[in-house]
Each structure stands twice: as C-alpha cells, then as structure tokens.
Number of protein chains: 2
Amino acid sequence: MSSTPLTRSEAKDRTRRRLIRAALAILDDEGEAGLTTVKIARVAGIAQSSFYVHFKDKQDLLRAVSEHYGEQLRASMREARRRAREAPSDRERHRDTFRIPLEAIIRHPELLRIRMRALHDPSSPLKEFAARTAIAYRDHLAADLAALGYTADDEPSRRRLEMVAEGLNTLTNTFAVGHIEGRLTDVEETLDVLVAFSSGALRLLKGRDGHPRERRTD
Amino acid sequence: MSSTPLTRSEAKDRTRRRLIRAALAILDDEGEAGLTTVKIARVAGIAQSSFYVHFKDKQDLLRAVSEHYGEQLRASMREARRRAREAPSDRERHRDTFRIPLEAIIRHPELLRIRMRALHDPSSPLKEFAARTAIAYRDHLAADLAALGYTADDEPSRRRLEMVAEGLNTLTNTFAVGHIEGRLTDVEETLDVLVAFSSGALRLLKGRDGHPRERRTD
DNA sequence: TCTTTCACCGATAGTAGTATCGGTGAATCG
DNA sequence: CGATTCACCGATACTACTATCGGTGAAAGA
C-alpha cells in the first residue's frame, strides 16, 4: 500500500484540492443551490468548520474553483489550436475547428453544465468565470475562421462575423449537451451538421457589400 | 378614482395574481436563489404568512407560475403559426419562421431568461416547464420547415432534421438574448443571419442519401 | 528533546427562510 | 340584522446554513 508519508503542507494542499473537487461534483449534480459548506466538507472528508482553514468563505472557494478549472480550460484551448494548425487540408481544418472543442467538452461534461448554468444565473459567483470562458471559445473560433479566409474588414461584416462566431459557439455547446445526455452518439454526424450550419452562415460573409438582401421599409 | 368595490373572491384572485407577478419579477432579476416567500409577499404587498392562504408552499406557487405563463406562451405560439401561414412567399415564410418567435421573445424577455436558467439548473422546479416550452418551440420550427418542403422520410434524415430544429432554436434564443441585452439592435440583420444559418443546415437535408460526406475510418 | 506551529475537531452563536397558529374585522349569508 | 366565513395579520416554532472559538495532537523547528 502507499503509506502516504506526507509533509504538513502537502497534506494541506491535498485537502484543499479535495475541497475544490468536492465543490465541482456537488455543483454538477445539484447546482449552486445545493452547494453548502456542510456537504463540501462531508464529501472532502473533513469537519465543516475545517472548511475555513482553507477558504475565507464560500465565495472564496468559488473563486478558487474558477481559477483552477479556468486554467485547465485555457490550456486545453491552446493545445486545441496547436493541433488544429496541423490539419492536412482546409476541409479537415474546418472540421477540426468544431471537433476539438466538442471532444474536449464531452471529455469533461461537468464544466459545460456548470458554465451554462452560471452564465444565466444572475446570482452566480461563477458568472464571470463562465463569461470569460465563453469569450475564449469565441476567440478560438474567430481565429480559426480567419485562418480559413473569412476575414472581416468593414464594420458590418465584422459585426456579422461576431454573430456567426457566437452562434457557432452556442451550437457546439447545444450539441455537446446532446452527446453528454446520450441523445447524440455519432460525433462525425454532429460535425457534419455543425459544418453545414457554419458554411451557410459563412456564405453571408462573402457577400460583396454588407446587404445582399431586400431591405424592408420599416 | 377607481374606488375598487371588489367582491371577496375578486380580491383574493387579484392578490393571487399579484403573487404570481411578484414571483416572476423576482425570478427575473435575482434568479431562483433569491426567490423567498418574504420577498414575494413584500412585493405583492401582503404579510409573509398570508402567502400560505394562496399557495400550499413555494413549490405550489412555481407550479402556478408555470401554468400561467405556459398558457400565455402556447397562445402566442398558435397565433404565430397562424400568422406565418399568411406569408406571401416561401422566402418571407422562411423569414417569418424566425421573426415571429424572435419578436415574441424580445417583447417578454423575462420568460426567456427564466426558462434558460431553469433548463440548466438541476434543482429548479421550473425545469419541466422550460423543457416543455423548448419542445413546443421545436415543433413550431419543425412544422414550418416541413411546410417549406424539408420533410424527413428515412431515419437518418429524421434525426438530422431534429438536430437542425434544435440548433435553430438555440440560435434564436441566443440572438434574442443579444437583443435583450442591447448588443444587437437590427432585427432584420439578425433574421439574415438566422436564415443563412438555416439554409446551410437545410442543404444537408436535401442530400440524396443520408451520407453526402466522406466517412472517416475510425 | 523541548517548544512552537497549525490542520483539524466539536460546540455553538448568529442569521435567514419556511410554515403554523390564533386572532381580527370586513364581506357574505341566513 | 345577527351569525358565519375567511383573507389577512403578527408572533413564533422550527430548520438549515454560515462562521467563529477554544482545544488537541502530530509535524516542524530549535
């Protein structure tokens, strides 16, 4: 057996990580309403009062949770962009733009669920974390679209590119939830649909001027 | 002045409606975490204990909220479908498929915000309400797409149509939030983008067999 | 080895929300 | 015009959670 001869600070660090992990698990299956110091401490295996040895209060723990998993997400995003650059063809690149985040989300479903909740809950302390993550994803997409030749030089097309990126982001999240919940199983098929959505939207960006449609007189 | 000479049951009914309204207002700007009988009663202008004259408990109130606004939503959906049938051309019809729900949401932003939260919060008593509403919207879309000629006869294309409808739904909600938050202002431009997204996705459905793509060998 | 430090413990004060209860006066009913 | 009903009230019991405090033993440091 591993007779864990830990130093004091190692042991403290381990407990701290356990608390963060416990918080994430509870957030995932009960939401923020169910997150109490009593439960966190029980799951982490310490007394409720000992929670305060590690964190000033619950808010402080949530800040730590954001930092911990925020760094994890940023790292996987960097890795994703690196791998995407190695794609053999534009076609595969386009696919990978969606494949990589989609697979990342499916690997760690808790984070998406928690982020989506926090994004809409006005009382959530994780709101800022969720918002920053969403922006990071959008930048990832924007960069990849730019690499595919969809640059936006004038103001209206810039705004449209932004809308398209935001939309594709939401679509990725929605379908990821589908996979997490088991309603969807074939990742390749989901990628087909995502690519189809995006190629429709991107066709809009290629328009010569900003308004390739009949203008309504309102 | 309106010297409100109400009968007893009329007065009770009015108080009940005030409670439901108060609950919605609090849900909107504080979320379910902020919804307490104390606040509801205060906003409605009665004593906290009197809350229980009208509802068995908080859960019971939320049931009533769901019913009240659920009926309102279903009614506006029926109206929307009726109006869409009158569109002069397929092109306008396609646009109206998005315009009508989008405008409805922008008119009553609280309901979308509350629904989106409830949809993701595992502890939310409004979850079922939100889920049923989402399904109703999806059916609305599916019916409109079918009317545009996008019918699904075989199993794979049926599944795809479902994915497309779900995706378009999410996109509508996302952009509606953009309008509510003031980031987006031009509804016609949003409709352009929605139509572009959908025409890309729908092209997938027109494919002769279910797999108009290279299959990966994984 | 003796002292100090400190992660963790149990107990508990404080706070916020839920739900019940008996009382009151005005509407309703006979 | 009594008698009754009942929407609403204030007071309060109860519950759940947060955060603090003093005590303890084992690790760290002298």
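The values are calculated or read from the model by the stated rules, or taken from the named source; none is laboratory data. Owing to the predicted nature of the structure, the values given are computational and were not obtained by experimental measurement. Methodologically, a virtual Cβ is constructed for each residue, glycine included, from the backbone with ideal geometry; neighbour enumeration extends over all protein chains shown. Note: areas computed on protein heavy atoms with side chains; ligands, DNA, RNA excluded. Shrake-Rupley method; radii C 1.70, N 1.55, O 1.52, S 1.80 Å.
Being modelled with pLDDT of 95 or more and either more than 7 Å from chain A (Cβ to nearest Cβ) or part of a loop (DSSP other than H, G, I, E, B) (or both): is that true of B:Leu168 here? Considered against the rule, which asks whether it is modelled with pLDDT of 95 or more and either more than 7 Å from chain A (Cβ to nearest Cβ) or part of a loop (DSSP other than H, G, I, E, B) (or both), B:Leu168 comes out as yes. B:Thr7 falls short of the stated requirement of being within 9 Å of DNA strand C (Cβ to nearest atom), within 14 Å of chain A (Cβ to nearest Cβ) and open to solvent by less than 80 Å² (accessible area, probe 1.4 Å).
For A:Leu6, the conditions (1) within 12 Å of DNA strand D (Cβ to nearest atom); (2) in a helix (DSSP H, G or I) are fulfilled apart from (2). From the list A:Glu86, A:Glu92, A:Glu103, the lone residue that is more than 16 Å from DNA strand D (Cβ to nearest atom), more than 21 Å from the chain's Cα centre (by Cα) and either within 14 Å of chain B (Cβ to nearest Cβ) or open to solvent by less than 90 Å² (accessible area, probe 1.4 Å) (or both) is A:Glu92. In this entry, B:Thr15 is excluded by the filter for residues that are within 16 Å of DNA strand C (Cβ to nearest atom) and either free of Cβ contacts under 8 Å to residues at least 24 places away in the same chain or assigned by TED's automatic domain parsing to the domain that holds B:Asn169 (or both). State whether the residues of the stretch B:113-136 include one that is at negative phi, under 10 Å from the mean Cα position of the chain (by Cα), in a loop (DSSP other than H, G, I, E, B) and more than 16 Å from DNA strand C (Cβ to nearest atom). No, because not a single residue in the stretch B:113-136 is at negative phi, under 10 Å from the mean Cα position of the chain (by Cα), in a loop (DSSP other than H, G, I, E, B) and more than 16 Å from DNA strand C (Cβ to nearest atom). So, in the stretch A:144-179, how many residues would count as being open to solvent by 40 Å² or more (accessible area, probe 1.4 Å), in contact (Cβ under 8 Å) with a residue 12 or more places away in the chain and small (Gly, Ala, Ser)? Residues flagged as open to solvent by 40 Å² or more (accessible area, probe 1.4 Å), in contact (Cβ under 8 Å) with a residue 12 or more places away in the chain and small (Gly, Ala, Ser) within the stretch A:144-179 amount to 1.
Taking the conditions (1) touching a residue at least 40 places away in the same chain (Cβ under 8 Å); (2) within 15 Å of DNA strand D (Cβ to nearest atom); (3) under 25 Å from the mean Cα position of the chain (by Cα) in turn, B:His54 satisfies each one other than (3).
Just one of A:Ile26, A:Ile20 is β-branched (Val, Ile, Thr) and either in the same structural domain as A:Val177 (by TED's automatic domain parsing) or in contact (Cβ under 8 Å) with a residue 40 or more places away in the chain (or both); which is it? Going through A:Ile26, A:Ile20 in turn, the sole match is A:Ile20. Scanning the stretch A:125-143 finds no residues that are touching a Phe, Trp or Tyr at 6+ places or on another chain (Cβ under 7 Å) and under 19 Å from A:Glu79 (Cβ atoms). Of all residues in the stretch B:86-103, those satisfying the criterion of being free of Cβ contacts under 8 Å to residues at least 60 places away in the same chain and more than 14 Å from B:Val195 (Cβ to Cβ) are B:Glu86, B:Pro88.
Restricting attention to the stretch A:41-75, the residues that are surrounded by 17 or more Cβ atoms within 10 Å (Cβ to Cβ) and outside any helix (DSSP H, G or I) total 2.
Tell me, yes or no, whether the stretch A:35-54 has at least one residue that is at pLDDT below 90 and away from DNA strand C (no atom under 12 Å from the Cβ). No, the conditions are met nowhere in the stretch A:35-54. Among all residues of the stretch B:175-194, there is at least one that is under 23 Å from A:Glu189 (Cβ atoms), within 12 Å of chain A (Cβ to nearest Cβ) and not polar (S, T, N, Q). Scanning the stretch B:15-40 for residues that are more than 12 Å from every other protein chain (Cβ to nearest Cβ) and exposed (fewer than 13 other Cβ atoms within 10 Å of the Cβ) yields a total of 1.
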